[in-house]
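Take a look at the structure set out below.
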Amino acid sequence: MINCIAVDDEPLALDLLEDNISKVPFLKLVAKCENAMEAINVLQKEHVDLIFLDIQMPGLTGLQFIQSLTQKPMIILITAYEKHALEAFNLDVIDYLVKPVSLDRFVRACNKAKDLYQLRMKNKEAGETRTGKADYFFVNVDYSLLKVTFNDIRFIEGLKDYVKIHLKSTTKPIVTRMSMKSMEEELPTSSFFRVHKSFIVSRDHITAIRKNSIFIDTMEIPVSENYRDTLASLIGKPGQS
């Protein structure tokens with residue numbers, strides 16, 4: 001079961017959300033909250049995997065609430081406004097639902113959360129940690145969990161809310177729904193590092209380095225200014241101004 005909470009300042013919307021949650025068999029509603037501060041109190045007391053969250057609320061808005069979290073559960077935003085979608089996805093939310101939300105659309109969002117939850121549980125069971133004790137992890141591809149070994153990864157490319165994992169064993173990359181931030185958390189920091197908002201590279205597969213780019217065989221990958229100092233420290237050279 002996925003433990004969830006519902007956060008909305010409108011009582012009718014909160015009741016409707018509770019009713020929709022009750023129709024999804026793998027969800028367990030832990031609490032209903034009318035504002036972000038109530039939600040914070042629940043998070044301090046209960047184990048919560050998923051938050052259904054409104055944006056426009058008194059006090060802390062939903063987006064401000066997300067930014068305040070140090071350990072963030074999965075989040076599905078449910079709001080009357082479309083205008084916050086880009087900012088929301090930059091905060092790695094699972095889905096963005098615009099009211100009124102049909103049950104079918106609600107269930108599809110919940111299934112995305114379930115896929116990610118199962119993926120995290122699978123990796124946990126496999127002993128995957130950031131220190132690299134396991135040499136593989138799993139990603140969700142076409143309704144299956146696909147095993148990927150770290151030493152097979154050449155580089156990873158971010159495409160909005162998907163990533164492409166480029167492997168040395170095949171010319172066809174793996175495409176999976178995942179944020180770059182979530183992918184970065186799966187990888188051992190001793191072997192992988194981010195060089196651009198859209199690229200994570202394997203140290204072992206780098207074939208050449210220039211001031212503003214990295215080469216992995218014939219593929220040229222840009223290095224953004226924000227990551228140049230990190231790159232310089234990882235290859236043991238002083239940063240360039």
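Where a number appears in this text, it was derived from the coordinates with a stated rule and is not lab data. Predicted, not measured: the structure shown is a model, and the values here were computed from it. We place every Cβ from the backbone using ideal geometry, glycine too, and count neighbours over all the protein chains shown.
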Taking a spot 7 Å from the Cα of residue 10 along the direction of its beta carbon, which residues of region 73-94 have an amide N less than 18 Å from it? 76-85
In terms of modelled amide H atoms, which long-range or inter-chain residues lie less than 5 Å from the amide H of residue 178? 162, 163
Estimated inter-spin distance, residue 98 and residue 22, nm [label 7 Å along Cα→Cβ]: 2.9
Between residue 170 and residue 44, what is 0.36 nm times their sequence separation minus the Cα-Cα distance? Round to one decimal in nm. 40.8 nm
Computed FRET value (nearest 0.05) for residue 141 with residue 87, which takes r as the C-beta separation and R₀ as 30 Å: 0.60
Exposed GluC sites (Glu not before Pro) absent - longest run of the chain, DSSP non-H/G/I/E/B, at most 16 other C-beta within 10 Å: 83-241
Within the chain, the percent of DSSP beta bridges that are antiparallel, given to the nearest 5, stands at 60
Put a dot 7 Å past each Cα toward the Cβ at residue 162 and residue 203; how far apart are the dots in nm? 3.1
Of 99/181; 147/197; 28/181; 122/211; 23/72, which pairs sit farther than 30 Å apart, going by alpha carbon to alpha carbon? 122/211
Given the DSSP H assignment, sum -39500 (n - 2.57) over each helix run of at least 4 residues in the chain and divide by its residue total; what's the result at 222 nm in deg cm²/dmol, nearest 500? -9000 deg cm²/dmol
Indicate the helices, whole DSSP H runs only, in the chain that combine a mean Kyte-Doolittle hydropathy of 1.6 or more with a Cα extent along their long axis of 15 angstrom or more. none
Trypsin sites (Lys or Arg not before Pro), loop per DSSP, at most 13 other Cβ atoms within 10 Å - longest free stretch of the chain: 24-82
